[in-house]
Amino acid sequence: MYALPTAIAVTGPDLVLPSPDRHTPSAAVLQSAVQSPRTYSLDQAITEMDTLIEHHGYVIVLCPASAPAAVAHRLHAVRSVLESDRVAVVRSDLPPLGLAVLALQLRQLSVCDFSPGVLASAARLLSHYIYAGALLGSVARLDRVPVTLQSHAKSWLPGAQFAVLATPRPELVKITGGGEAHLSGPGFGTKMLYAPGRLAPGWVAETLAPAWHVQGVAEARLPAESARWWATGRIVEFAAAIPDISVLYQLVSSVRRADCRWCGLELIGDRCAFCAAPLPPPEDRPEPPARALDRRGATALPRGMT
């Protein structure tokens, strides 16, 4: 048995939010992803990962899908050289602040009794319950959320602002002069984080948060990657997610588990996060009863996660 919980690693310091309590461990910031290969050699990257494995047993690396290809290639190269099945590289389409929230949730769950395989595959499940978006001063160059030609044209008007939801379902609305705009919010209890860039956060904190009936609002530092992800620095990024570890635990526990046929790790969902082996087709597996939680928790499980 390993003395420390499964390590949650991230590819940048901006993805590490403060721990909400003394039980939640921090995340490991991989220098192999932060520093240039010219200043941080492959040998150093291998040593860095090997040390994490030695201390924690297993490592779950959260890597944004928007990260440069070289970052992902290096992570996989390190894993390959180590010939280790104890490293899971989890790519995510979440915006930067949303990914930081996901990392925090996995850090919270890492001290629970979940096996590394379940914890790693829970990243995909939990992503469905993170409402991540931004208030933007322009959508002229935004390509990560569908933008109509009309919205493109309006974004050139002085003072134009748009409310954009990236996950779990993309939405984009223009904020009217009276500050009116509707974004589909969560039907369960959440806490909202917002991170201001070169826009005032008033609409997010004073209009959107009450409309979503969030249980709390807090300001965070805007990740350095946010301006590139949203294609503008005129931004207030936000993310609303389940803050209660007991609800997160219930959500993950409610999903049927299986053993990976390739590496033997326990998992949830339809694919192992460590070796990428798929589960048998759904018709070969019995369907469990649907579960749902009220506003104190989460909604019904997304398709493919039962």
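The values are calculated or read from the model by the stated rules, or taken from the named source; none is laboratory data. Just so it is clear, the model here is predicted, and its values are computed rather than measured. Using ideal geometry, Cβ is built from the backbone for each residue, glycine included, and neighbour counts are taken over all protein chains shown. Heavy atoms of the whole protein, side chains included, go into the accessibility calculation; ligands, DNA and RNA do not. Shrake-Rupley method; radii C 1.70, N 1.55, O 1.52, S 1.80 Å.
Of note:
- Among (1) more than 25 Å from Arg221 (Cα to Cα); (2) open to solvent by 40 Å² or more (accessible area, probe 1.4 Å); (3) without any contact (Cβ under 8 Å) to a residue 12 or more places away in the chain - the single one Arg86 does not satisfy: (3)
- Among the numbered conditions (1) in a helix (DSSP H, G or I); (2) open to solvent by 30 Å² or more (accessible area, probe 1.4 Å), the only one that His23 does not meet is (1).
- Qualifying positions in region 74-133 - small (Gly, Ala, Ser), touching a Ser or Thr at 6+ places or on another chain (Cβ under 9 Å) and more than 22 Å from Glu266 (Cα to Cα): Gly98, Ala132, Gly133
- The listed residues are Ala134, Ala123, Ala100, and the only one of them that is open to solvent by less than 10 Å² (accessible area, probe 1.4 Å), farther than 21 Å from Leu183 by Cβ and modelled with pLDDT of 95 or more turns out to be Ala123.
- Selection status of Ile46, in contact with a strand residue (DSSP E or B) (Cβ under 9 Å, 6 or more places away or on another chain) and surrounded by fewer than 22 Cβ atoms within 10 Å (Cβ to Cβ): no
- The set of residues in region 30-42 that are hydrophobic (A, V, I, L, M, F, W, C) and surrounded by fewer than 17 Cβ atoms within 10 Å (Cβ to Cβ) comprises Val34, Leu42.
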